[in-house]
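The values are calculated or read from the model by the stated rules, or taken from the named source; none is laboratory data. None of the values given here were measured: they were computed from a predicted structure. Note: ideal-geometry Cβ built from the backbone for every residue, glycine included; neighbour counts use all protein chains shown. Quick note on the areas: whole protein, heavy atoms, side chains included, nothing else; ligands and nucleic acids left out. Shrake-Rupley method; radii C 1.70, N 1.55, O 1.52, S 1.80 Å.
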Amino acid sequence: GVNDWMFSAPIDEFRQSLDDTFYSLKNRFNGDIVFVTPIYPSIVKRIRKVGFRKYESIAAQRAYSAELYVVRGRNFKWRELLNTSSKKILWDGIHPTELGYRLYAENVLSQIKEM
């Protein structure tokens with residue numbers, strides 16, 4: 001999956017891939033582009049995979065350099081988790097459920113409003 005590639009890609013290759021992607025997006029679309037950094041795969045247990053923060057920081061840095069709006073997935077507030085299990089929000093610990101997507105959208109909107 002994408003996350004497996006993200007952690008196995010050499011840093012320079014990862015950085016170049018992001019630059020190429022952002023350049024392509026900016027040339028193809030008019031207007032603002034919002035880039036969301038990865039959310040943590042588990043709401044209850046934060047990711048501890050070596051290198052995650054490093055790749056996440058590089059992704060945000062490259063998005064800022066490309067003049068994209070950056071929404072930090074690590075700053076998502078999963079309020080509804082207080083009364084539900086994480087599987088009801090992220091069905092496999094990574095991919096959102098319907099409720100997860102609603103909360104995802106609310107978090108993106110909240111951070112955009114703060115920009």
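Is it the case that Ser65 is open to solvent by 30 Å² or more (accessible area, probe 1.4 Å) and modelled with pLDDT of 90 or more?
It is true that Ser65 is open to solvent by 30 Å² or more (accessible area, probe 1.4 Å) and modelled with pLDDT of 90 or more.
Criterion first (at pLDDT 85 or above, under 18 Å from Glu106 (Cα atoms) and buried (at least 18 other Cβ atoms within 10 Å of the Cβ)) does Phe76 satisfy it?
no
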